[in-house]
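Novice: One structure follows; several queries about it will come next.
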């Protein structure tokens, strides 16, 4: 396999991975903008726009039908700081894929009837995932408390259902013009087509793209505001839930930080598998929980390590909280071993290896690496992870605990 990075004259950055004899090609295009570029009162724009981008352009009235005709498939996702569109199609139709994505960038049209349909879809998504599922509003509570005066303070889908209901086509167009620009975009291709030919096609279709900026008063990009100091606290939440839930959250560091990789390691060692510290105590020894989840929520400039412990008993949340805090303190004092770190590194590498077997996941990782500033970002991170010492992991855990915590009791 051969990997080449290139920048077009209009600023668009691209990577091309050549895979010999590959009959399918994968295209990812990333716009470094998401829900954290919204403002309170008008949230949900980035996610709704993602839906509407499949509505067609001046030249291609029905995007999905065109893709299906080419023998391909498409998808997309939105986070706090990126919106990514993927396209998989036969390598013989690679040029048509470049045409489609460059056309969408250059001449997106937000058809009012399609907008109305997609808005209804997103409204139903909000109701299904946030209102109708157990603990569905958990992330709304978490982000609002963790980032009370920041645009990380709501989930990607939007802060309130009313925000989405009030959105109009006119709210989306400035977002497109200001952020969906060639100079912002990152393009990643994995293909059986040779690298030189792929770059030529990218130049042919993307270099002529210009953006008129008719719907914005200024072309200046909005900068994400500084992360405010973390304020801890405890909240009792009375919502319908099948079992009581204890949750605790600690502020961590952003995805761009060179030390970010320590937090997936901590989550793996402390909470993954039956032999982990938290599972051994809460599930096996004390029999208080049916299961638990320990994971890190990542943003580019800040993160949150979250533990969710699902209680088997109605009045045990205070006891669970006390045990968790004692166990985390225990972990800061000669708990970690080199063997634990090796096993956690192996577990994470195995998971990443399974993802990399998929050309789609691999190509998505390349386009994310372009946003993070280095095409070998993830490879370098693996090397740093392999050099972690027990002492360094302990120090990072102490640092995390010292920043404060949020606790939630779902009754």
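None of the figures in this text is laboratory data; all of them are computed from the coordinates on show. Here the structure is a predicted model, which is why all the values come from computation and not from measurement. Ideal geometry is used to build each Cβ from the backbone, glycine not excepted, and the neighbour counts take in all protein chains shown.
Novice: Tell me the relative contact order for region 2-206 as a rounded percent, counting alpha carbon contacts under 8 Å between residues six or more apart.
Specialist: Here the relative contact order equals 38 percent.
Novice: Further question: Sorted from fewest to most neighbouring beta carbons within 10 Å, what does the list 52, 22, 130, 289 look like?
Specialist: Lowest to highest Cβ neighbour count: 22, 130, 52, 289.
Novice: How much FRET efficiency would the formula 1/(1 + (r/R0)^6) give for residue 318 and residue 390, where r is the Cβ-Cβ distance and R0 is 35 Å, rounded to 0.05? Please report the intermediate quantities before stating the final value.
Specialist: Values: r = 32 Å, r/R0 = 0.91.
Once rounded, the FRET efficiency stands at 0.65.
Novice: Continuing with this model, one more query. Over the Cα atoms of region 233-410, each weighted equally, I'd like the Debye log10 I(q)/I(0) at q = 0.10, 0.13 Å⁻¹, rounded to two decimals.
Specialist: Values returned for q = 0.10, 0.13 Å⁻¹ are -0.43, -0.71.
Novice: Checking the a/c ratio against 1.5 first, then a/b against b/c, what shape does the Cα gyration tensor give for region 56-116?
Specialist: Working: a/c = 1.75, a/b = 1.21, b/c = 1.45.
The shape class here is oblate.
Novice: What's the FRET efficiency of residue 330 with residue 160 using the Cβ-Cβ distance as r and R₀ = 51 Å, to the nearest 0.05?
Specialist: About 0.80, to the nearest 0.05.
Novice: Taking R0 as 60 Å, what FRET efficiency do you get between residue 65 and residue 346 from their Cβ-Cβ distance, rounded to the nearest 0.05?
Specialist: 0.85
Novice: If contacts are Cα pairs under 8 angstrom and at least 6 residues apart, what is the relative contact order of region 233-410 in percent?
Specialist: 37
Novice: Shape verdict for region 258-317, please, from the Cα gyration tensor: rounded (a/c under 1.5), prolate (a/b greater than b/c) or oblate.
Specialist: Oblate, since a/c reaches 1.5 and b/c is not below a/b.
Novice: Return 286, 301 ranked ascending by Cβ neighbour count within 10 Å, so the fewest neighbours appear first.
Specialist: The most exposed by this proxy come first: 286, 301.
Novice: Using just the Cα positions, wrap the chain in a convex hull and report its mean projected area in square nanometres, one decimal place.
Specialist: That works out to 20.5 nm², a quarter of the Cα hull's surface.
Novice: Can you tell me, using C-alpha contacts under 8 Å and at least 6 residues apart, the relative contact order of the chain as a whole percent? Numbers along the way, then the final one.
Specialist: Numbers: 706 pairs, mean separation 85.4, N = 411.
Relative contact order here is 21 percent.
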